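Report on the structure given below.
The values are calculated or read from the model by the stated rules, or taken from the named source; none is laboratory data. Not measured: the values here are computed from a predicted model. Using ideal geometry, Cβ is built from the backbone for each residue, glycine included, and neighbour counts are taken over all protein chains shown.
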Amino acid sequence: MPGPRSFRPGVALAAVVLLGGCKIIDQTTFGAKPVAPAPDFVAEALKPGSKLPLMTIRFDGTPFNYDAQLKSVLEMAQTRRPDAKYRVVTVVPASGDPDKDSRAIENGRYDVRRLEDAMTNDGVAGDDIRTSARTEKGVTAREIRIYVE
């Protein structure tokens, strides 16, 4: 009778036969395909003529301190395009009533001023910031979008 550490050829042969056709199980085993990483949003937003905002701030009642994120995004943009000019656009839901839309835009003036101040504190020259406002269908809450020109 073999001892506990002796080699058992039958067990080894069975292991080779059973494992010979096995493959490593990973995400592709069940049909999932790896997803390519998203393109660098800053690089996309910095392309000439891009319609992609560098940053969007939604005012939907959710508390959000955007200062650190704004600083980071502006640093990346200024590193890649030191001559960048910025367009800060207030976007409000289109109600169909011009007076109501104007009031919604006016209600966001404080936030636009605060954002402009934060941008200048982060090193953007005041002359490099333009502001505008518009209504947009499909928007459910006021937003401020920062575009690079």
Test: residue in the range 95-109 that is touching an Asp or Glu at 6+ places or on another chain (Cβ under 8 Å) and at pLDDT below 95: yes
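Could you say which residue among 131, 140 is of a type in the set (Ser, Thr, Tyr) and modelled with pLDDT of 95 or more? Break it down into steps so the answer makes sense when it comes.
Details: 140 fails: modelled with pLDDT of 95 or more.
Residue meeting the stated conditions: 131.
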Filter result for the condition that a residue is in contact (Cβ under 8 Å) with a residue 60 or more places away in the chain, out of contact with any Leu (no Cβ under 9 Å at 6 or more places or on another chain) and closer than 17 Å to residue 50 by Cβ, over 130, 87: 87
Residue list for the range 38-53, restricted to those being of a type in the set (A, V, I, L, M), surrounded by fewer than 16 Cβ atoms within 10 Å (Cβ to Cβ) and not in a helix (DSSP H, G or I): 38
Qualifying residue in the range 102-122 (condition: closer than 26 Å to residue 44 by Cβ and in a strand (DSSP E or B)): no
Boolean, residue 56 is part of a loop (DSSP other than H, G, I, E, B), polar (S, T, N, Q) and modelled with pLDDT under 95: no
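Can you tell which of 124, 73, 92 is within 19 Å of residue 49 (Cα to Cα), in contact (Cβ under 8 Å) with a residue 24 or more places away in the chain and either touching a helix residue (DSSP H, G or I) at 6+ places or on another chain (Cβ under 9 Å) or not basic (Lys, Arg) (or both)? I'd like the intermediate steps shown before the answer.
Numbers: 124 fails: within 19 Å of residue 49 (Cα to Cα); 92 fails: within 19 Å of residue 49 (Cα to Cα).
Within the list 124, 73, 92, the selection yields 73.
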